[in-house]
Amino acid sequence: MSPLAMRNWVPQVWPLRPGKARNLTLLFFLLLLAPLTLCAQHFNGDKALNYAREFVAIGPRWPTSPGHLKAEQFLRDHFKHDNVEEDTFTANTPIGPVAMRNFIVRFPGKKDGVIVLSTHYETNYPLRTINFVGANDGASTTGLLMAIADQLRGKTLDGYSIWLVFFDGEEAIQTWSASDSTYGSRHLAAKCGRDGTLGKIKAFMLADMIGDKDLDIERETRSTGWLVDLVRQAAHKYGYDRYFFQTEEAVEDDHLAFLDRGVPSIDVIDLDYGPNNSYHHTAQDTLDKVSAHSLTIDGDVFLETIKEINQR
Ligand SMILES: [Zn+2]
């Protein structure tokens, strides 16, 4: 029904004085708009999914591949008007030295201190033979952070500064071990330790594999307790309890390098992907397994957690 039709319709049903009818019409519109206003408060998961789709379209992006260079260029182009640092380094890997590149996008805040929100963006070198695009594993959370950036841009934030970090080299080059994995985060944590910025980081949050349509984020057992509690509270506020922390497990991931250096850190990860985890690190990890709804949940919860950290 068009607004005009409704104006005509209301007085006919309730034959009241014109003034009252107008008031009722107004009330009617307000009631109609109320749910829209509530919806507008949700994070735009569709936008995050669209970014993820663009990123996946690059194809596989394993270290040393042409796709990796394209992924770098994609991030460089996207954040060209932002305060972005390209953190380049050479990783010593089982296949020899490999050039890697983290991207750090900084959004300034009024409070002294930093909240880091991070993901990894590359795909697995060992999976270069199977056209692995990591739609959930790497791309979904890259899209998520890009959509979050859209909410942070163009103003000085009231709370702490926010750094969005896109790590390179999370995946093992050969076989996962402490020395063959998480190259980007280990490099950046060490660098922040040397230049003194580590002490400014109030909280480090990692997003990994949480574009999964069937979202069940586990409680990573080494993650910092108060940060886990804040994420749980944020999820509860939106009625998302069932998606969070129904199971728990220790997971080795990009948060450990920061956690081990005393930075409060959490890995927000869903390591149960597909039936019996059958989509994880397989050619099944494609965009049809990722949903805008899950990314809306993620965005809502991260932004709410950031608010809570700022009030802490
Ligand atoms: Zn992975």
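Derivation of every value follows stated rules applied to the coordinates shown; laboratory data play no part. Since this is a predicted model, take the numbers as computed values, not measurements. Because the Cβ atoms are built from the backbone with ideal geometry, glycine has one as well, and the counts that use them run over all protein chains shown.
A few remarks follow.
- Nearby lysines by direct alpha-carbon distance to LYS202 (threshold 24 angstrom, same-chain neighbours under 8 apart not counted): LYS110, LYS111, LYS155, LYS191, LYS237, LYS307
- Axis of helix 45-56 versus longest Cα principal axis of the chain: the two differ by about 30°, to the nearest ten degrees.
- Placing a pseudo-label 7 Å from each Cα along the Cα-to-Cβ vector at GLN284 and GLU249 gives an inter-label distance of 1.4 nm.
- Taking only the Cα atoms of the chain, the radius of gyration and Dmax are 22.2, 84 Å.
- Compared with the dominant principal axis of the Cα atoms in the chain, helix 292-311 is inclined by about 90°.
- Taking Cα atoms only, the orientation of helix 141-152 departs from the longest principal axis of the chain by about 50 degrees.
- Full-stretch length increase - LYS80, LYS111 - with 0.36 nm per residue and alpha-carbon distance subtracted: 8.7 nm
- Measuring r between the beta carbons of HIS236 and ASP150 and using R0 = 22 Å, the FRET efficiency lands at 0.30.
- Around LYS289: net Lys/Arg minus Asp/Glu count, Cβ-Cβ under 9 Å: -3
- If you take all other residues with their beta carbon under 13 Å from the beta carbon of LEU259, and give Lys and Arg +1 and Asp and Glu -1, the sum is -3.
- In this rough spin-label picture, where each label sits 7 Å from Cα along the Cβ direction, the LEU69-THR129 distance is 2.5 nm.
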